[in-house]
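In what follows, a structure is listed as structure tokens, so that the remarks can point back to it.
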Amino acid sequence: MKKAVSLIVALFLLPAAILHAAPWPGNIRYRDRTYLRELMRDTWRYIDYYISPITGLPYDSNQAKDITNTTNIGLYLTSLCMAYKLGYVEEEYAIARITKILDSLDTYENWHRLYGNWIDPDGNDRTAKPGESNISDYNKLPAGLIVVRQTFPPLAARCTAFLDEIPWEKFWEPGTDKIRYAFDVREKETRNPVYFYRGEDKILGQFLMIASGKVPPSTWEKQDLSMEEMYGVKYFKWGWQGGGLFMQFICDLFMDNRGTSLGLSSAHFAWAQMVHGLKIGAPVWGWSACVSPKGNYLGMNGLVDEVVTPHASALAVSLFPRDVAENLQRLESYGLRTPCMVNGKPEAFGFRDSVNWKTGEIADKYLVLDQAMLFLSLVNYCQRGLLWRTFAADPMVARGRELIEEYREAPSKRRQQHAQIHALSWPEPGTFWMSENPSSVYRPGDIIQKTLWARSLSAEPFNGFSEEWKITDEKGDVIADEQHPIELEARQTRKLADVLVPTERASFSSTWTFDTTLASSNRTLVTRRASIRFPNSLPIEGAWKIAAGDEPARAQIDFDDSGWKTVAVPLRWEDAALPDYDGTAWYRVRFTVPAEALERWRGKPLAILLGAVDDADETFLNGRKIGHGGSFPPDKETAWDKLRVYEFSEEQLRDENILAVRVSDWGGNGGIWRGPVTIGPAAELRQSSAESE
């Protein structure tokens, strides 16, 4: 088995060994470190905000206050300990929070301190849900308790009693050394013995089993060492479509894996993602499970190139600090750190969960899981491995590291592994564009404003490359074009040019084409094409009126809504006007259509486009119903994530128009939560909605 481990490490080192040696930005500028510390503080504010006042357990997200899981609880406990060590909270506050959580956990159904994955955070139902739970979710809870007992000695005995009761031995299958990854709290049994993939999020659980002394260390060497290869480097499964970077890095938050095959695997995994971003021309990188801007969860086999999540790159900050700091600041340019409106008040909570870098759409959701991973990664980097050191100081953890050969040998291999990671290099530069309007939707007369950037992941300087771009109209006539030489120092990201292109020549409903070519010595390396659209529709987003309750008269033109609250649309109503409200409410907005737009639309069927309404709606224009989505109670058919295109005739418009939308929400969040919200020719709106779906 020792030979097998040596072979696996050699396979890792081979791709890096044949690459050029390179100096590495092992540290970052003072202003970047200050930036990361500020982000760390804001992210903690979110983690500690959405907490059940009844049980003290963290809610799953700012929009899901009816569920949480054991991962969330474990990461919250860990984050609270780190916040205390950072001076964010007082000892009395932290101990009170932790004690409330422990008291609450005592009241939930469990099997020898094994809890089901999903828990009601307000404690209305404290019974275990039927069915299997997974060690990958559960393992962060005992890990968090280890951090608690190392941080707060008055709580150590209670945490130890909890940890000692966990029946780790029931997960082990003697004879095969397989580990059962599932358990059923109600049936009081463990299930599904397998050899864990070394690169998956169950590994921390297996380490704790061995460290407890209830499972033999021989099981560690029986793990599945299958790999995935991308861009010349190898890393353990599960990889890219197995959930992305969090799959390996979430265990790295607790375990200092430098000098181990897991540590090198994580470095290679992050490197492959940086190269991928370079290859596809993405301004930002970081692919991992997250909530997309459309509201759906991108998990196993669900990742897409256009959606990245801030926590993913932050997980690699201890490995590639300069790359991560620059990437996070580019992500911020999309508005991902815009304060969140809570009960009408802006709150600085760090990054929202994701962005579509092609369209500029951002998620309006925060997950405590992703925020905690981001926070704890920054803690380890900014505070010299504070979480690693706290976790490693525990006698149980120290025993586990001594029992597993790879961890015993890790300190002696760190220098070599550090050098191998620093030797990573990619032989070609890449380019990307940043834009004030990533959606590339303009009105004739607007200015197209973009910045052209070049990026190197090479150990050597680059010259002799160039980037050529041009914008052409529908006839193929060139509107503007330029060529820029590319000269880069090793591992440099540099702005090449600011581009300002007027659009007076554009017409409504037209589409221009934006082409770019990266070349070297008359050899074309990559070409890309994007559309610049000039739609014939008008936005009606912005300040609307809203009121809870339900009465048919609210659809009428002459209804008096002067006493209603003003709310931004699109936005979930819980984030502003109607916190914690489930039921029926009405929106109303007044708008006019300019004469020149009416002239363009003449003779065409018109429509209103609503991006998404949670859960169901009926929509009225000037007192007449033009459409509905979903079904109201008692039928309760949700259409929370569906675009609506409601058609009407031109004759229905007036000099001043009233759009009234009746909305029913029967759980979670509600309202007109996603744009666009526009009016225009029906055919165009149907086409654009089909493209966005």
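Every number in this text was worked out from the coordinates using simple rules, so none of it is lab data. Because the structure is predicted, anything quoted here is derived from the model rather than measured. Ideal geometry is used to build each Cβ from the backbone, glycine not excepted, and the neighbour counts take in all protein chains shown.
Which order do 233, 275, 379, 613 fall in if you start with the one that has the fewest other Cβ atoms within 10 Å? Could the numbers behind the result be given before it?
Working: 233 23, 275 20, 379 26, 613 32.
If I rank by nearby Cβ atoms, fewest first, I get 275, 233, 379, 613.
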Stretched fully, the stretch from residue 408 through residue 656 gains (0.36 nm per residue minus C-alpha distance, one decimal, in nm) 81.7 nm
Given a Förster distance of 45 Å, the FRET efficiency implied by the Cβ-Cβ spacing of residue 180 and residue 38, rounded to the nearest 0.05, works out to 0.55
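Between residue 690 and residue 416, what FRET efficiency follows from the Cβ-Cβ distance if R0 is 51 Å, with the result rounded to 0.05? The partial results should precede the final answer.
Numbers: r = 54 Å, r/R0 = 1.06.
Calculated value: 0.40.
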In Å, the C-alpha Rg and Dmax of the range 97-247 are 16.6, 52
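Given 0.36 nm per residue, what is the gain on full extension from residue 683 to residue 125 after removing their alpha carbon distance, in nm? Intermediate values should be presented prior to the final figure.
Numbers: separation 558, 0.36 × 558 = 200.88 nm, distance 4.90 nm.
Stretched out fully, the residue 683 to residue 125 stretch lengthens by 196.0 nm.
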Cα extents of the range 342-481 per principal axis, largest first, Å, are 72, 54, 21
Check: C-alpha center the range 255-327 vs C-alpha center the range 62-107, spacing in Å is 27
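Among 373, 82, rank each residue by its count of other Cβ atoms within 10 Å, from fewest to most, as a rough exposure measure. Walk me through the numbers on the way to the answer.
On the way: 373 27, 82 24.
Lowest to highest Cβ neighbour count: 82, 373.
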Row for the chain, column shape: gyration tensor on C-alpha, a ≥ b ≥ c, rounded if a/c < 1.5 i.e. under 1.5, prolate if a/b over b/c, else oblate; value oblate
Cross-link reach from residue 237 to lysines, straight Cα distance under 23 Å and at least 8 residues apart if same chain, gives 2, 3, 140, 178, 202, 222, 279, 413
Going from the fewest other Cβ atoms within 10 Å to the most, one would list 222, 365 as 222, 365
With label points set 7 Å from each Cα along the Cα-to-Cβ direction at residue 446 and residue 221, the distance between them in nm comes to 6.3
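Could you rank the peptides 331-339, 253-261 by their average count of other C-beta atoms within 10 Å per residue, with the highest value first? Walk me through the numbers on the way to the answer.
Values: 331-339: 17.9, 253-261: 22.8.
Top of the packing list down: 253-261, 331-339.
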For residue 545, the lysines lying under 27 Å Cα to Cα, once residues fewer than eight places off in the same chain are dropped, come out as 65, 294, 345, 365, 565, 625, 636, 642
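Report the gain in length on full extension from residue 156 to residue 92: 0.36 nm times residue separation, minus Cα-Cα distance, nm rounded to one decimal. Please list the in-between numbers first.
Numbers: separation 64, 0.36 × 64 = 23.04 nm, distance 1.54 nm.
That pair, residue 156 and residue 92, stretches by 21.5 nm at full extension.
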